[in-house]
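In what follows, a single structure is set out as structure tokens and then discussed.
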Amino acid sequence: MISLSASDPTTTAGAPAGPRRPQQTPAPGEPPTVSVQDVSIVYRTTFEKVPTFKSAIVRLGRGERAVREVDALQNVSFDVPRGTSLGIIGANGAGKSTLMRAIAGVLPPTKGRIEVRGKISALLALGVGFNGQLSGRENVVLGGLAAGLSREQVEERAEQIAEFAEIGEFMDLPMRTYSSGMYQRLAFSVSVHMDPDILLIDEALSAGDASFKEKATAKMDELMASARAMFLVSHSLGSIKSLCDDAIWIHKGKLMMHDTPERCIAAYTKFLKVGENAFTFEDL
């Protein structure tokens, strides 16, 4: 179990929507695969609305810095049992990607605790971890070795990854020559071929044609038959509804709702139509 901490929360739960695929049933008393407990993350950044040379000299003389704190996540709590596929929705800047990075262990919480039981494979952003000067195959080998696989396992998976990504001869060319779609297809293929216990996907299906998206969806269904949990961040509410059996809605770093995908999407789309000022959060 991996545990990150900077505290016990109350999880806002909803009625299950019913499985969209064969699900694993957690044993009685089994701890959740992922537990997010009262997590807050604060970014500190230097900030000045109208920077001038004079103000910079004055601050330097006083030993001062203009610092702004951004509350990316605020007291977020929820549990994800084994066999759950969790969709995460919200507007740009809501804190969805920050939450995914925290679960992946990339960002430590400022406050709170995250417990993860299992090996994580994360597709968090386009090309993260890839070296553009190396070929796709070389990047796959290095990534597999870093994930703890043997040389034999890596070489076997490299062929499977190349076939799945459908990038042809580009697999042996430097990744700086790749289009954004090729980058994303290879990154997705690497993530799903590492036999993860927990799969984190942040907007992974936005690139690629309809055929690749269909194949990617089928692969995610296959993984969920054996994986302990999957997290999917997407602005495609249709993908959330079809791929997930649980969902959370985040707004400005706060957990607004944890319920079925249908109910979260209904509340979120209502919010988008009427606006923040007119929306009655007490109704959730």
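Out of the residues in the range 73-127 that are of a type in the set (S, T, Y) and more than 14 Å from the chain's Cα centre (by Cα), state the one that is farthest from R44 (Cα to Cα). By that ranking, first place goes to T84. Selection of the range 242-268 for residues being assigned to a helix (DSSP H, G or I), over 25 Å from F164 (Cα atoms) and not acidic (D, E) yields P261, R263, C264, I265, A266, A267, Y268. When we screen S135, S150 for residues that are hydroxyl-bearing (S, T, Y), over 27 Å from H235 (Cβ atoms) and at pLDDT 90 or above, the only hit is S135.
Could you check, for the range 112-126, whether at least one of its residues is at pLDDT below 85 and either of a type in the set (D, E) or part of a helix (DSSP H, G or I) (or both)? Checked the range 112-126: no residue is at pLDDT below 85 and either of a type in the set (D, E) or part of a helix (DSSP H, G or I) (or both). Taking first residues from the range 224-247 that are over 14 Å from D202 (Cα atoms) and partners that are among the basic types (K, R) and part of a loop (DSSP other than H, G, I, E, B), the Cβ contacts under 6 Å between residues at least 6 apart in sequence or on separate chains come to M224/R21; R228/R82; D245/R20. Any residue at all in the range 176-195 that is over 27 Å from G87 (Cα atoms), among the small types (G, A, S) and assigned to a helix (DSSP H, G or I)? For the range 176-195, residues over 27 Å from G87 (Cα atoms), among the small types (G, A, S) and assigned to a helix (DSSP H, G or I): absent. One residue alone among G148, G112 is surrounded by fewer than 19 Cβ atoms within 10 Å (Cβ to Cβ) and not polar (S, T, N, Q), and that residue is G148. Within the range 140-157, the set of residues being under 12 Å from V190 (Cα atoms) and within 21 Å of the chain's Cα centre (by Cα) comprises V140, G143, G144, A147.
For the range 213-268, a residue qualifies if it is surrounded by fewer than 17 Cβ atoms within 10 Å (Cβ to Cβ), closer than 20 Å to A94 by Cα and polar (S, T, N, Q), and exactly one does: S236.
The values are calculated or read from the model by the stated rules, or taken from the named source; none is laboratory data. Nothing here was measured: the structure is a model prediction, and the numbers come from that model. Quick reminder, even Gly has a Cβ in these numbers, built from the backbone with ideal geometry, and neighbours come from all protein chains shown.
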